[in-house]
1. From (1) touching a Ser or Thr at 6+ places or on another chain (Cβ under 8 Å); (2) modelled with pLDDT under 95, pick out the condition that doesn't hold for LEU240.
2. Within the range 66-101, how many residues turn out to be more than 15 Å from the chain's Cα centre (by Cα) and closer than 23 Å to PRO30 by Cβ?
3. Pull out all pairs, ordered by first then second residue, where Cβ-Cβ is under 6 Å, the residues are six or more apart or on different chains, the first lies in the range 38-65 and is of a type in the set (Asp, Glu), and the second is surrounded by fewer than 20 Cβ atoms within 10 Å (Cβ to Cβ) and not in a helix (DSSP H, G or I).
4. How many residues, within the range 146-175, are outside any helix (DSSP H, G or I) and either touching a residue at least 40 places away in the same chain (Cβ under 8 Å) or surrounded by 17 or more Cβ atoms within 10 Å (Cβ to Cβ) (or both)?
5. Say whether the condition of being more than 27 Å from TYR245 (Cα to Cα), not hydroxyl-bearing (Ser, Thr, Tyr) and not in a helix (DSSP H, G or I) is met by at least one residue in the range 30-45.
6. Residues in the range 187-194: is at least one surrounded by 16 or more Cβ atoms within 10 Å (Cβ to Cβ), in a helix (DSSP H, G or I) and of a type outside the set (Asp, Glu)?
7. Output the residues belonging to the range 135-159 that are closer than 25 Å to GLU236 by Cβ and of a type in the set (A, V, I, L, M).
Amino acid sequence: MSASAAIETKPDDLLYEVREGIAQITFNRPHARNAMTFAMYERMAEICREANENEEIKVIIMTGAGEKAFASGTDISQFRAFKTPEDALEYEGRIDRVLGDLETCRVPIIAAIAGACTGGGAGIAACCDLRIGTADSRIGFPIARTLGNCLSMSNFSRLTALVGPARVKDMIFTARLVGAEEAKAIGLLTEIVPDAEALKVRAWEMARLISGHAPLTMRAAKEALRRLTKRISSEEGRDLILSCYMSEDFREGMDAFLNKRTPQWKGR
């Protein structure tokens, strides 16, 4: 079975609307803390590519349904289908490609974050241009205590450019989620609002403000900053991805997570 066929995706798992020249993408699986299916990743990337051709779209807002999570990462049940090294490399390649579509989208993207923003969700947020969070928002990559997998070289490069290598190590090594105040202090959040209702209002307020500004200035600024960020080829990280995804520990972490128990790591 292909890894991409590991979970059924419903059409309304990702909602999309355009109003006043502002597009909104909503991750709509609140029962699963908006965990991302592969189809949701692909649809998100498709929308960003479409925005490059649609001059009516001035800004994109990304948010999660409900108040508990922006997106809690990739739906872990999909990893059950991973059998070969190609599955692991294909997955990380897919994520790199999807996040690349976010980064190269010509319009500013605002992440409106309520609650948990973890794993792949935090990766999505890091690609957005502005990040607004609620007072109870938490951001991080807790993979060292959940699955025992690793980030791609592109994700490490992106995060290092955003918050610096010392903070990336802190987040990965401790597997902790960074609270809103700290996230704002280190650059993970642009600003903080009290709650989910205020988040909706502020995200649209900011989107309307930006939509009235010069689009070529926005595009040039995005591309200039993207070019300044050093990118390492995916080939340079293949050994790291395979050492984690093909390990006994990854299987143990996945089984432990899905069965709600503490994983027993072996380092192999």
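1. Here LEU240 meets the rest and fails (1).
2. Qualifying residue count for the region: 7.
3. Matching pairs, first to second residue: GLU56/GLY21.
4. 7
5. No; the residues of the range 30-45 include none that is more than 27 Å from TYR245 (Cα to Cα), not hydroxyl-bearing (Ser, Thr, Tyr) and not in a helix (DSSP H, G or I).
6. no
7. Of everything in the range 135-159, those that are closer than 25 Å to GLU236 by Cβ and of a type in the set (A, V, I, L, M) turn out to be ILE143, ALA144, LEU147, LEU151, MET153, LEU159.
The values are calculated or read from the model by the stated rules, or taken from the named source; none is laboratory data. Note that the structure is a prediction, hence the values are computed from the model and not measured. Because the Cβ atoms are built from the backbone with ideal geometry, glycine has one as well, and the counts that use them run over all protein chains shown.
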